[in-house]
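Beneath this line is the structure, given in structure tokens, with notes to follow.
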Amino acid sequence: MKLNIRYWICQISGWSGWFMINLFFVYLFAHDMYLKPPEKSRIFLTDLFIEFVWAILATHLLRLVLKKIQWMRLPSKKIIMLFILGVCLTGLLSYYGPKTTANLTNNSLIEYEKKEARKTAINREQQLNVAGTDYYLSNTKLQSQDTSKNALNYAAAVLSIKKSTGWYRNNKGEWQYEEQRKGRFWWEIIFTFILVALWLLLYMVWHFVEKNRNDQVDRLTLEKTVKELEVKTIKSHINPHFIFNSLNSIRALVDENPQRARKAITELSNILRSSMQVEKMETVPLHKELDIVKDYLALEQMRFEERLKVELKIDEDTLNQPVPPMMLQTLVENAIKHGISKSINGGYVKICSDFTNNNHELVVQNSGQLNGELNGDGFGIKSTQDRLRFLYHGKARFEIKNVNGNMVESKIIMPVNY
């Protein structure tokens, strides 16, 4: 909302500034040409206002198109081509739109000047005493070797009227107009293109600078979040409850099953090592994340035994897909902490990974229910949402909800290419 307000303030202020600059120079250097008589002044100001409105409409339409095609994601060559095409099309719209509107509303300064010039041409006929004669046939008479005084006077009258007003009579005696300032059209349209090019250049530079600044802020925020995640993950895994449970389970296995006890120690070591290495990378292949999750579940199964049932449904094509480190493990840990451990009979945890609609979906389901409102301020949920937003620039999302009556589903949806 703030960005839109800022955009409209810049848009209206910029074109209003151009409107005022035109008025300033006309008032100082062309006051008699554009502001007298009052009728011409009214038409000039109306014309200028129509150009102001069309400039805003045309450039705003260009902005909508740029946003629609997400121009900032295009390669440099395409952005350059888009710049040239945008300037040409918007320039033509900015030039012909006001002209057409002014003509339809009878507020065209050009048409007003042409009408006034025609009145002047008629008056010049009377001043030169050629009104009602066939003086406009002077060229034909000169070509027929008629060099009489009248023929010469008539030829001079034609040139005088045409040069001063742009109007002349054809061989049938009908009035016709010939633009005296022949470069006027090209100058006006080129100048319109220059204005649009400046507007588009400012727009693009602004967004490049803004994107660069936001990327820097996001990087710093992500680094901070990852470090917080590292500290809190380590704390969650090294808390006495978790360590004591794991060590007690391992101690019970030392005599019964020494081989399993050694494996359990390795699993615990892997989890702690992964927690320490979280800050060193933004993503890891899914198969590495799954290895940590399996170690974690193996340790928890020593505690819950038959009360914990685990199912993995992993599409092999997703195993090398990059995922944020410890994110899946956090969801599994939450599933056991808030679902399985609170049930006397234990429960069921299912982990799924698959590709859907060019997205990578990671799903963790566990027995239990979401009671009351979801605590969005909890570190697990908040860190997951923040990391997805920063890493995937708003293209990924996290969902958690009740499904099938007695299950809770946590789902992470990430774009395959970002």
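Okay, here's what the table says:
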item	result
Residue among Val310, Val278 that is at pLDDT 85 or above and among the aliphatic types (A, V, I, L, M)	Val310
Test for Glu51: is it assigned by TED's automatic domain parsing to the domain that holds Leu195, of a type in the set (Asp, Glu) and under 19 Å from Ser16 (Cβ atoms)	yes
Within region 146-183, tally of residues that are on the phi < 0 side of the Ramachandran plot and at pLDDT 75 or above	25
Any chance Leu104 is within 60 Å of the chain's Cα centre (by Cα) and modelled with pLDDT of 90 or more	yes
Unique match (being part of a helix (DSSP H, G or I), of a type in the set (A, V, I, L, M) and on the phi < 0 side of the Ramachandran plot) among Ile351, Ile381, Ile413	Ile381
Residue selected from region 341-371 under the condition among the aliphatic types (A, V, I, L, M) and at pLDDT below 85, by the criterion nearest to the chain's Cα centre (by Cα)	Leu370
Selection status of Lys288, surrounded by fewer than 18 Cβ atoms within 10 Å (Cβ to Cβ), among the basic types (Lys, Arg) and either under 18 Å from Lys350 (Cβ atoms) or modelled with pLDDT under 75 (or both)	no
Test result for Leu128, outside the structural domain of Val196 (by TED's automatic domain parsing), crowded, with 17+ Cβ neighbours inside 10 Å and not charged (D, E, K, R)	yes
Helices (runs of 4 or more DSSP H) enclosed by region 1-111 - at least 1 residues per element that are touching a His at 6+ places or on another chain (Cβ under 6 Å) and farther than 26 Å from Phe185 by Cβ	none
Cβ-Cβ under 6 Å pairs, at least 6 apart or on other chains, region 169-188 side in the same structural domain as Lys119 (by TED's automatic domain parsing) and closer than 14 Å to Glu113 by Cβ, far side at pLDDT below 85 and assigned to a loop (DSSP other than H, G, I, E, B)	none
Search result, residues across region 175-221 that are among the hydroxyl-bearing types (Ser, Thr, Tyr) and more than 23 Å from Trp54 (Cα to Cα)	Tyr177, Thr221
Extreme residue, farthest from Ser343 (Cα to Cα), among residues of region 295-309 that are in contact with a strand residue (DSSP E or B) (Cβ under 6 Å, 6 or more places away or on another chain) and surrounded by fewer than 20 Cβ atoms within 10 Å (Cβ to Cβ)	Gln301
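The values are calculated or read from the model by the stated rules, or taken from the named source; none is laboratory data. Everything numeric here is computed off the predicted structure, so don't read it as measured data. Using ideal geometry, Cβ is built from the backbone for each residue, glycine included, and neighbour counts are taken over all protein chains shown.
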